[in-house]
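The values are calculated or read from the model by the stated rules, or taken from the named source; none is laboratory data. A quick note: this is a predicted structure, and the numbers were derived from the prediction, not measured. Ideal geometry is used to build each Cβ from the backbone, glycine not excepted, and the neighbour counts take in all protein chains shown. These area figures cover heavy atoms from the full protein model, side chains too; ligands, DNA and RNA do not enter into them. Shrake-Rupley method; radii C 1.70, N 1.55, O 1.52, S 1.80 Å.
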Amino acid sequence: MDRLIIGTAGHIDHGKTSMITALTGFVGDSTPEEKRRGITIELSFSSMQNGNTEISFIDVPGHEKLVKTMIGGAFGFDYALVVVDAKEGVKAQTLEHLAILNTIKELGVLAVITKSDLVDEATLTQRAEDIKELFGDYKNLRLLNVIRFSIKDEGLITALKGKLFGLQKNAAGSKT
């Protein structure tokens, strides 16, 4: 069986945990404090399988005060899903997470523009261009794709699953 570990990265409230829930059905924010505050505090782990491929997710906190927790989870990533809210764009913790990932190792990244149903086409296009330009600053991160996503759109959920199951273990960090 092929196994991949994919981690989330991105600013607080940009939809990392909701995206993982839409993909796997697993609700990661389960501690009383996470439920009360509506944010991820602890790492959560979930997975999905398709045929001979299993993808395990490490969902990390996006809050600036929880960066140490994010770093602890990032060492195990084969790939990263960098999440950017369609309305807000790249924010401070997005940049900090990218800098951390860039420091740790070479890594393939799928950028996911979440909440894509909440903005117009021009905004989505601009977000994608901003993300592509941003990755020029990180020599160890290889942007594989920019994907639109909404937890309310089954077609976009299926499309992201397809992209994830298309990843290969041996190509994760390569610079081909």
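List of remarks:
- When the residues 116, 18 are ordered by accessible surface, computed with a 1.4 Å probe over the protein chains alone, the sequence from largest down reads 18, 116.
- Here the calculated FRET efficiency for residue 100 and residue 153, from their Cβ-Cβ distance with R0 = 30 Å, stands at 0.50, rounded to the nearest 0.05.
- Placed amide H near residue 112: partners under 5 Å, 5+ positions off or other chain: 82, 83, 84, 147
- Solvent exposure ordering (accessible area, 1.4 Å, most first) of 125, 103, 94: 103, 125, 94
- Under 5 Å, built H, 5+ apart or other chain: amide partners of residue 54: 2, 3, 4
- Averaging 1/r over each pair of different alpha-carbon atoms in region 88-146 and inverting the result gives 12.1 Å, the Kirkwood hydrodynamic radius.
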